[in-house]
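The following block contains the structure, expressed as structure tokens.
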Amino acid sequence: MVSPTDTSDVIVTADAMLGSKSIATIVIIIAMQKEALPLVTAFKLSKDIDSSFPDGVPWVWYHGMYKDLNINILCPRKDPVFGVDSVGTVSASLLTYASVQALKPDLIINAGTAGGFKAKGANICDCYIASGVAFHDRRNPIPAAKQYGIGLQKSFATPNLISDLNLKVGKLSTGDSLDMSEQDYVSISANDAVIKDMEAFICWERR
């Protein structure tokens, strides 16, 4: 989650944002179905048959109850033409929007694998939670549009989650390419990113 402003020095916690509202329905967006299956198994979720989503979309929806929580895991699944995972911000944005409209979640989590930079302290199999997010390939040289394109935003502080799960914390940079061009590297460095992915920013886009 992200705080309403990226310029304030005030630390906004998730608890403060939610107030007294309890979390009953959770949506977890995961780009690749293989990444999702361990959670599907752990939570004993069922694959949806009578989908609440538009006809013809390749998305897959797993859902079920875990204790008192309504857990929903959604994946873009395979592209019907090319047969590869529908990764990237376009598929993730559409899926997240449709999930919000159909399921009315109290909490949205974007989870999955990401690249990490060893020079910033990241190692294979590390688990990170993003302290902030930005784009590294949404480039626009027009002065006002440049900062919009980068979209740098702070995340809500989640100290209990970080402590309980022993998570690392670092800034995340999102882009639609798996490789990293020289210009991408410059932008990622400017974003001070520790981890790089292809979807996460869409869950932080300003409302």
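The values are calculated or read from the model by the stated rules, or taken from the named source; none is laboratory data. Here the structure is a predicted model, which means the values were calculated and not measured. Because the Cβ atoms are built from the backbone with ideal geometry, glycine has one as well, and the counts that use them run over all protein chains shown.
Which condition breaks for Asn72 when tested against (1) touching a His at 6+ places or on another chain (Cβ under 6 Å); (2) over 23 Å from Lys44 (Cβ atoms)?
In the conditions (1) touching a His at 6+ places or on another chain (Cβ under 6 Å); (2) over 23 Å from Lys44 (Cβ atoms), Asn72 misses (2) alone.
Could you pull out the residue among Gly151, Gly170 that is within 28 Å of Leu107 (Cβ to Cβ), touching a strand residue (DSSP E or B) at 6+ places or on another chain (Cβ under 7 Å) and at pLDDT below 95?
Gly151
Could you go through segment 100-114 and let me know if any residue there is within 22 Å of Met180 (Cα to Cα), part of a loop (DSSP other than H, G, I, E, B) and among the small types (Gly, Ala, Ser).
Yes, the conditions are met somewhere in segment 100-114.
Kindly provide the set of residues from segment 48-100 that are loosely packed, with under 14 Cβ neighbours inside 10 Å and of a type in the set (A, V, I, L, M), ordered by number.
Ile49, Met65, Val81, Val84, Val90, Val100
Next question, about the same structure. As an exercise: evaluate Ser131 against (1) within 22 Å of Ala24 (Cβ to Cβ); (2) touching a strand residue (DSSP E or B) at 6+ places or on another chain (Cβ under 6 Å) and give the number of the one condition it does not meet.
(1)
Test each condition in (1) surrounded by 15 or more Cβ atoms within 10 Å (Cβ to Cβ); (2) under 27 Å from Ala24 (Cα atoms); (3) of a type in the set (Val, Ile, Thr) for Ile195 and report the one that comes out false.
(2)
Okay, next question. Please go through segment 159-207 and pick out each residue that is in contact with a Ser or Thr (Cβ under 8 Å, 6 or more places away or on another chain), part of a helix (DSSP H, G or I) and among the hydroxyl-bearing types (Ser, Thr, Tyr).
Ser187
Just to be sure, is Lys44 exposed (fewer than 15 other Cβ atoms within 10 Å of the Cβ), touching a residue at least 12 places away in the same chain (Cβ under 8 Å) and outside the structural domain of Phe135 (by TED's automatic domain parsing)?
Considered against the rule, which asks whether it is exposed (fewer than 15 other Cβ atoms within 10 Å of the Cβ), touching a residue at least 12 places away in the same chain (Cβ under 8 Å) and outside the structural domain of Phe135 (by TED's automatic domain parsing), Lys44 comes out as yes.
Let me ask something else. Looking at Ala92, Ala119, which is the one that is in contact with a helix residue (DSSP H, G or I) (Cβ under 7 Å, 6 or more places away or on another chain), among the small types (Gly, Ala, Ser) and part of a helix (DSSP H, G or I)?
After applying the criteria, what remains is Ala92.
Now for a separate question. Working only within segment 169-187, note down all residues that are crowded, with 18+ Cβ neighbours inside 10 Å and within 19 Å of the chain's Cα centre (by Cα).
Those that are crowded, with 18+ Cβ neighbours inside 10 Å and within 19 Å of the chain's Cα centre (by Cα): Gly170, Lys171, Leu172, Ser173, Thr174, Gly175.
So Asp126 passes all but one of these: (1) part of a loop (DSSP other than H, G, I, E, B); (2) surrounded by 15 or more Cβ atoms within 10 Å (Cβ to Cβ); (3) in contact with a Gly (Cβ under 9 Å, 6 or more places away or on another chain). Which condition number does it fail?
So the condition that Asp126 fails would be (2).
Among the candidates Asn123, Asn72, Asn110, which residue alone is within 24 Å of Thr158 (Cα to Cα) and free of Cβ contacts under 8 Å to residues at least 24 places away in the same chain?
None of the other options fit; the residue is Asn123.
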